[in-house]
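Each remark here refers to the structure printed beneath this line.
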Amino acid sequence: MSEPLVFHFDINGDDFSTAGQASVQIKNNLRQLGLSPEIIRRVSIAMYEGEINMVIHANGGTADVKVYEDCVEIILADNGPGIKDIDMAMKEGYSTASDSTRSLGFGAGMGLPNMKRYTDDMKIDSTVGVGTTVTMKINIA
Amino acid sequence: MTIREIKDLIGAEVLCCEQNLERDAYSACGCDLMSDVLAYVKDQAVLLTGLVNPQVVRTAEMMDMICIVFVRSKTPTKEMLDLAKESGIVVMKCNKRLYEACGLLYSNGLVGNKVKD
């Protein structure tokens, strides 16, 4: 397999209003690469939910998007509090987000389920007190 | 249904991207929870919401939505309108409540959205 095209982003955890900038950027990048609108939408929604999660739960982190010939891989890594119970976190409607986050329209317990919904493969590595890495894959072919 | 027809049905005021009023909307979604909006695939959709923050515009942008209607006379900030302009998303506001605005559009033929399995 040839080397993937890699896009790296630092996600600022301080400002909720700017959350999503990396997802907008990746959407533009993938559009320039000529990927189909459906694939672009799936990648950008999954990444956007991840970006929001990193801002509201983990004070930011990093996002790396690797574009291979047959898939797009998104790796989101943070040094946040970690996820205590991943099975619970995957349930729609379960959330540990604060009321202030909810008042902004997020924290409905749909973030991780949505990320899974739009990707072909999703893996969560999380250690409480250390951080979380979410790896998602979207097949192109 | 065109965005112009939507505007007329709910008596909305256009705040940006007036040049796109003739675009066709195929579905709509009335919601204040952005993750719920992101859970459902829509094609050329309209978002009606009472929530006002930049993430509303970003959510619409991620979903390739073509129009945002702020209900109950809520007014978006200039920053939000600038974001919407970058993607050509028509932004409007109307003084109706969410339920009423959605009901008017639905009863005139603008249906909801498909659930993605």
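The values are calculated or read from the model by the stated rules, or taken from the named source; none is laboratory data. Because the structure is predicted, anything quoted here is derived from the model rather than measured. Note that we place each Cβ from the backbone using ideal geometry, even for glycine, and neighbour counts take in every protein chain shown. All accessible areas refer to the heavy atoms of the entire protein, side chains included, with ligands and DNA or RNA removed. Shrake-Rupley method; radii C 1.70, N 1.55, O 1.52, S 1.80 Å.
Descriptive notes on the structure:
- With a Förster radius of 25 Å applied to the C-beta separation of A:GLU3 and A:ASP120, the computed FRET efficiency comes to 0.70.
- Count Lys and Arg as plus one, Asp and Glu as minus one, and take only other residues whose Cβ is under 14 Å from that of B:GLY30; the net charge is then +2.
- Within straight-line cross-link reach of B:LYS74, lysines at Cα separation under 16 Å, skipping those fewer than 8 residues along the same chain: B:LYS7, B:LYS93, B:LYS96
- On Cα atoms only, tilt of A:37-58 relative to the major axis of chain A in degrees: 30
- For chain A: relative contact order, % (alpha-carbon pairs under 8 angstrom, 6 or more apart): 27
- Label-point separation, A:ASP85 to B:GLU22 (7 Å along Cα→Cβ), nm: 5.6
- Taking the range A:5-62 and dividing mean pair separation by its residue count, relative contact order in percent (alpha carbons under 8 Å, at least six apart): 54
- Rounded if a/c under 1.5, otherwise prolate or oblate - chain B, Cα gyration tensor axes: rounded
- Annotation note: trypsin sites (Lys or Arg not before Pro) in the range A:21-102 located in DSSP loop regions with a Cβ neighbour count of at most 12 within 10 Å are A:LYS84, A:LYS91.
- Calculated FRET efficiency for the pair A:ARG102/B:SER107, C-beta based, R₀ 41 Å, to 0.05: 0.85
- For B:ASN95, the residues whose modelled amide H falls within less than 5 Å of its own, excluding neighbours fewer than 5 places apart on the same chain, are B:SER73.
- Hits among lysines - C-alpha to C-alpha of A:LYS84 under 23 Å, sequence gap 8 or more where chains match: A:LYS116, A:LYS123
- A 1.4 Å probe run over the range A:1-102, with the rest of the protein chains in place, finds 49 Å² accessible per residue.
- For the range A:129-134, Karplus couplings with θ = phi - 60° (6.51, -1.76, 1.60), whole Hz, Gly/Pro x: x, 10, x, 9, 10, 10
- Per-atom-type breakdown for the range B:3-107 gives carbon and sulfur 47% of the accessible area (1.4 Å probe, protein chains only).
- Considering only alpha-carbon pairs that sit under 8 angstrom and 6 or more positions apart, the relative contact order computed for chain B is 33 percent.
- Accessible surface, chain B, averaged per residue in Å² (probe 1.4 Å): 43
- Using a Förster distance of 35 Å, the FRET efficiency for A:ASN59-B:TYR99 (Cβ separation, nearest 0.05): 0.40
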